[in-house]
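Since the structure comes first, as structure tokens, the remarks are kept for the end.
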Amino acid sequence: MNTEYTRVEDFYEAETFNRIKELADTKETPFVVIDIATIENAYDTLKELFPYASVYYAVKANPAAEVLSCLRDRGSNFDVASIYELDKLLENGVEASRCSYGNTIKKSRDIRYFYEQGVRMYATDSEADLRNIAKAAPGSRVYVRILTEGSGTADWPLSRKFGCQTDMAMDLLVLARDLGLEPYGVSFHVGSQQRDIGAWDAAIGKVKVIFERLKEEDNITLKMINLGGGFPANYITRANTLDLYAEEITRFIEEDFGDDFPEIILEPGRSLISNSGVLVSEVVLISRKSHTALQRWVFTDVGKFSGLIETLDECIKYPIYVEKQGELEEVVIAGPTCDSADIMYEHYKYGLPLNLAIGDRMYWLSTGAYTTSYSSVEFNGFPPLKSYFV
Ligand SMILES: *Cc1c(COP(=O)(O)O)cnc(C)c1O
């Protein structure tokens, strides 16, 4: 049974948690409370640790207007994946010049829409997409996303579906120039919640080769490296501190690029937002599958389809806090829907107090990112996960 890191103090300042809880006490579950000040602090810390980098917040992590305007006012740029995200940013007063179209999978007419709105930076990883960009967004900056290894050490791997091999990346950057685009740089994503900082070293090494070869062989000077997201949030299984990530990654860039330090873009989602949120749910039912079963099943009013999809394969292990104290017992934790996939934790043994009862609240810590944005619209009639802001 695992009981590490389920204390609120390990994740929030007392004052912050009290602020969240005060609002939570007035609302009906399930919902997420987002503490905007925590996002502001996370943004400022990131800028301190990477003073040379531009931040492009990955909107998909949490697209709430409150989150977007907070980051807009902090000076952030935005990594956008769809016309819908773009519209939302524009509605919230973000200039198109602060947005990049970071999705490599896009329709030609959507590229045109981005271009008409004023977006001039595009990610790509294939010839067909690049040709679409050249037609629909002429003269724009493009960066090519490469494949990276190391998805094994990321809790939520992202790398296989996107990106191309180094050789193809170079061909695409040359083609970009020939099509009248500006070959601007290279991007990668080492996988979300990446535990191995060395994953950036390997990826930056590949980028260096691309920069050098293009310069020598094609007289193309690339300017930018997009280091993606992948920076850690705090969950049960701890990662290194962001300070250490920054220190190491800066050293990797210096070692490979020396005085030619390139323009650097970061695209954080999880690391910026997760710790700002607490998801509050209520215990619907507690049962045993037989009179002698050792394990109890705790069913709660939030599940895989209402915001906790990252518990798939138990990838992300959220710390769970309940107010009752006392002797702990191993439990299976499951959601409220009629789908047997709607079990959050079964193999990783969470311990919850024996006196936990129907109607008690469960506080899922570090749930600001990838919860509300993943929640389904009407599965079994359950409404999407709500959020409130303090
Ligand atoms: C999802 C995504 C990110 C954010 O990744 P995190 O691991 O949440 O920081 C950044 N860039 C791109 C292209 C993404 O798809």
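The values are calculated or read from the model by the stated rules, or taken from the named source; none is laboratory data. These numbers come from a predicted model, not from an experiment. Here Cβ is always computed from backbone atoms with ideal geometry, including for glycine, and neighbour counts include all displayed protein chains. Ligands, DNA and RNA are excluded from the accessible area calculation, which covers all protein heavy atoms including side chains. Shrake-Rupley method; radii C 1.70, N 1.55, O 1.52, S 1.80 Å.
Odds and ends about this structure:
- The chain, relative contact order in percent, only Cα pairs under 8 angstrom and at least six apart counted: 21
- Straight-line cross-link reach from residue 27 at under 23 Å between alpha-carbon atoms covers these lysines, not counting any fewer than eight positions away in the same chain: 304, 324, 386.
- Among 356, 239, 89 the positive-end extreme of the charge dipole of the chain (Cβ point charges): 89
- With N the number of residues in the chain, Rg(Cα) / (2.2 N^0.38 Å) evaluates to 1.05.
- Note on the stretch 37-273: with neighbouring protein chains present and a 1.4 Å probe, carbon and sulfur make up 46 percent of its accessible heavy-atom surface.
- Tilt relative to the chain, helix 242-257 - C-alpha long axis, 0 to 90 degrees, to 10: 20
- Angle between the chain longest axis and helix 65-74 axis [Cα atoms, degrees, rounded to 10]: 50
- Fraction of antiparallel bridges per DSSP, the chain only, in percent to nearest 5: 40
- Across 26, 221, the residue with the most accessible area heads the list, and the full order at a 1.4 Å probe is 26, 221.
- Per-residue [θ]222 nm for the chain (sum of -39500 (n - 2.57) over DSSP H runs n ≥ 4, rounded to 500): -9500 deg cm²/dmol
- In the stretch 37-273, lysine pairs closer than 22 Å at Cα, eight or more apart or cross-chain: 17
- Taking label points 7 Å from Cα along the Cα-to-Cβ direction, residue 341 and residue 178 give a separation of 4.3 nm.
- Of 41, 105, 71, farthest towards positive along the dipole that unit charges on Lys, Arg, Asp, Glu beta carbons give the stretch 37-273: 105
- Degrees between helix 198-218 axis and first principal axis of the chain (Cα, 0 to 90, nearest 10): 20
- Peptide packing for 201-207, 182-188 was compared via the average number of neighbouring C-beta atoms within 10 Å per residue; ordered from the highest value, the list is 182-188, 201-207.
- Cα gyration tensor shape of the stretch 132-235, rounded if a/c is under 1.5, else prolate or oblate by comparing a/b with b/c: prolate
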